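Here is the structure we will look at.
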Amino acid sequence: MKAYVLAGGLGTRLYPYSLILPKPLLTLGSKTVIEHILDWITGYKFDEITIAISGRKWAYDLVLKDTYNGIRLKIKSSDKPLGTAGQLKWVAGKEGDTFFVSYSDSIIKADLKGAIKKHKENKAIATVLTAKLKEKLRYGVIDDEKGFLKRWSEKPEVSYRVAAGAFVFEPDFLKYILGEKYGMNNAVMNAINAGERVLVYDVESFIDVGNTNSYKKAAYEFAESFGEIP
């Protein structure tokens, strides 16, 4: 079974940090983001991991070698950004078996073996790893009925589930990617609308590093883990 890491975005939400180094090569603690992701992925003994990028391969060659934690590693670069699903089809278009996919801007803790097992037991075409989040709204929320106020909830806490940035796919999923530049959400909805089985699997924890605010927050959290420096 193979794994793919999609790292072909331009990283514009992380400017100016990503102007020189690609987003996955920014550091969190003593490691780069891509190394944190690979530490998790290599806990499951995949046959091979391919990192799909779109330029600046020289930077990845400085950090990564031909293997990582004993698993064969490949880096493939497209000529241009293709969107998440578009890049997946470009790099895995000839895949013939169940495969795993991770984005490159989130650090996940989850039972990968359990996710793959559930995917296969349920004969799903896709399994989306998800995170349950809670957030306190900044404002009071008003509910009305025919113009009359019925309920006023002051800054309520809402719960919701988000895509954590990792997936288990069957090769047939690739046919639902309908363009060269295509988003993963559109491909997943195409599969659902066609009657395919798409599962969700909740992760234990999820750290987003996709924009400047979330990256700075994660960087401080990782720095604090080192404790006080005399």
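Couple of notes before you dig in:
- Screening residue 78 on (1) modelled with pLDDT of 85 or more; (2) in contact with a Phe, Trp or Tyr (Cβ under 6 Å, 6 or more places away or on another chain); (3) within 23 Å of residue 207 (Cα to Cα) shows it passes everything except condition (3).
- Checked against the criterion of being part of a strand (DSSP E or B) and basic (Lys, Arg), the candidates 89, 120, 74, 113 yield just one match: 74.
- Just one of (1) touching a Pro at 6+ places or on another chain (Cβ under 7 Å); (2) free of Cβ contacts under 8 Å to residues at least 12 places away in the same chain; (3) among the small types (Gly, Ala, Ser) fails for residue 59. It is (2).
- On the stretch given as region 130-168, residues that are among the small types (Gly, Ala, Ser) and surrounded by fewer than 10 Cβ atoms within 10 Å (Cβ to Cβ) total 2.
- For region 90-121, filtered to residues that are basic (Lys, Arg) and at pLDDT below 95, the residue that is nearest to residue 186 (Cα to Cα) is 94.
- Of the numbered criteria (1) without any contact (Cβ under 8 Å) to a residue 24 or more places away in the chain; (2) among the aromatic types (Phe, Trp, Tyr); (3) not in a loop (DSSP other than H, G, I, E, B), the one residue 139 fails is (3).
- The set of residues in region 29-71 being modelled with pLDDT of 90 or more, in a loop (DSSP other than H, G, I, E, B) and in contact with a Ser or Thr (Cβ under 6 Å, 6 or more places away or on another chain) consists of 69 alone.
- Among the residues of region 170-179, not a single one is of a type in the set (Val, Ile, Thr), in contact with an Asp or Glu (Cβ under 9 Å, 6 or more places away or on another chain) and either surrounded by 13 or more Cβ atoms within 10 Å (Cβ to Cβ) or closer than 21 Å to residue 86 by Cα (or both).
- Within region 92-110, considering residues that are in a loop (DSSP other than H, G, I, E, B) and among the hydroxyl-bearing types (Ser, Thr, Tyr), the one nearest to residue 210 (Cα to Cα): 104
- Residue in region 161-180 that is in a helix (DSSP H, G or I), β-branched (Val, Ile, Thr) and more than 25 Å from residue 22 (Cα to Cα) present: no
- Evaluating residue 21 against the criteria (1) part of a loop (DSSP other than H, G, I, E, B); (2) at pLDDT below 95; (3) within 30 Å of residue 125 (Cα to Cα); (4) out of contact with any Phe, Trp or Tyr (no Cβ under 7 Å at 6 or more places or on another chain) leaves one unmet condition, (3).
The values are calculated or read from the model by the stated rules, or taken from the named source; none is laboratory data. Remember, predicted model here, so these are calculated numbers, not experimental data. Cβ: placed from backbone, ideal geometry, glycine included. Neighbour counts: every protein chain shown.
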